[in-house]
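Working notes, beginning with the structure itself.
None of the figures in this text is laboratory data; all of them are computed from the coordinates on show. In this text, all values refer to a predicted model and were calculated from it rather than measured experimentally. Note: ideal-geometry Cβ built from the backbone for every residue, glycine included; neighbour counts use all protein chains shown.
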Amino acid sequence: MLNEEVQVDLNCVLVCWRVDSLQVRVSSVHFSTYSKLLGICWDQTCTDNHPKLHSFVTGLLHVVKQCVKIPVYVMVRPRGGDFLYSDQEVEVMKKDIELMKTHGADGLVLGALTEDGRVDAERCMEFLAAAQHLPITFHRAFDMVHDPVAALETLVSLGFQRLLTSGCENSALEGLPLIKQLIDQAKGRIAIMPGGGITERNLQRILEGTGAQEFHCSARSSRDSAMKFRNTCVTMGASFSAPEYGLKVADVSKVRTLNAIARNTM
């Protein structure tokens, strides 16, 4: 039976659950209407590295909380790029934590590193203190650490609830050996959630190869815009951005397939 949980970031949306818990990325609040049917948990994460305004996040969080009865986690990340944050950025993150708590977030997703590639314990303690009782997931900043074994022990000692990781590789499939090692090392002290390039084609191999009880994936497909008039001469952002008249949305059929694979594998 799937445990349900939703996580949300300052930039986009993502749905999650556990096999116990699968995590799936979605592009708007509309997917919340399927959550009761599919047993989903959410995580909103940065897909384009362009920070959005607080009004977007709090509005999205408010509507999602109205649509679902599952816990909603919010990712707190002030910008794209690396995870070495300035004092000002840390203040922004702490203010975001306060705002998300005020608006009903059930948990947070965040992370910070030092310049030499260690978990920034000092910054993280500040975030944990600001979050108070809320459970926190350390996100894929972990995949940029110098020593993942030591980093995991730091996260355990700090009190993080969960780690999202691709095993310090470009994809969870490539990082499978390390993910398994981390799960064995964790011994249940912190949940390890594989994420990165997980699809219906490789999910079974990843779950069987790691013993993971949770995973994260996008399960997205492309959808054409409903706009009839289209100004094709203008792009709203960098050239590498998604097409103006194309949408990336969570694919319900993919979610169902992943769900079935997880149930059968576990």
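Stokes-Einstein diffusion coefficient for the range 137-262 at 20 °C in a medium of 1.002 mPa s, Rh from the Kirkwood formula over Cα pairs: what value in µm²/s? Write out the running numbers ahead of the final one.
Working: Rh = 16.4 Å.
Estimated via Stokes-Einstein, D reaches 131 µm²/s.
Going by C-beta contacts inside 10 Å, put 74, 249, 64, 92 in order with the fewest on the left.
Working: 74 32, 249 16, 64 23, 92 19.
Fewest to most other Cβ atoms nearby, the residues stand as 249, 92, 64, 74.
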Study note, to complete from the structure: Residue by residue through the range 157-170, the couplings from Karplus 6.51 cos²θ - 1.76 cosθ + 1.60 with θ = phi - 60°, in Hz, x for Gly and Pro, are 5, 6, x, 5, 7, 8, 10, 9, 8, 9, x, 6, 10, 5
Check your understanding: residue 87: net charge of surrounding residues, Cβ under 11 Å, Lys/Arg +1, Asp/Glu -1, itself excluded?
Key -> -1
Review point. By average Cβ neighbour count within 10 Å, what is the ranking of 214-224, 195-205 from highest down?
Key: 214-224, 195-205
Check your understanding: Which of the residue pairs 187/254; 65/248; 69/228; 65/95 have a Cα-Cα distance greater than 25 Å in the structure shown?
Key -> 187/254; 69/228
Practice item. Among 62, 103, rank each residue by its count of other Cβ atoms within 10 Å, from fewest to most, as a rough exposure measure. Key: 62, 103
**Study point:** Sorted by Cβ neighbour density within 10 Å, fewest at the top, the residues 154, 210, 232
**Key:** 232, 154, 210
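Are there GluC sites (Glu not before Pro) in the range 105-137 that DSSP puts in a loop and that have at most 14 other Cβ atoms within 10 Å, and which ones?
On the way: sites: 115, 122, 126; in loops: 115.
Passing both the DSSP loop test and the Cβ count: 115.
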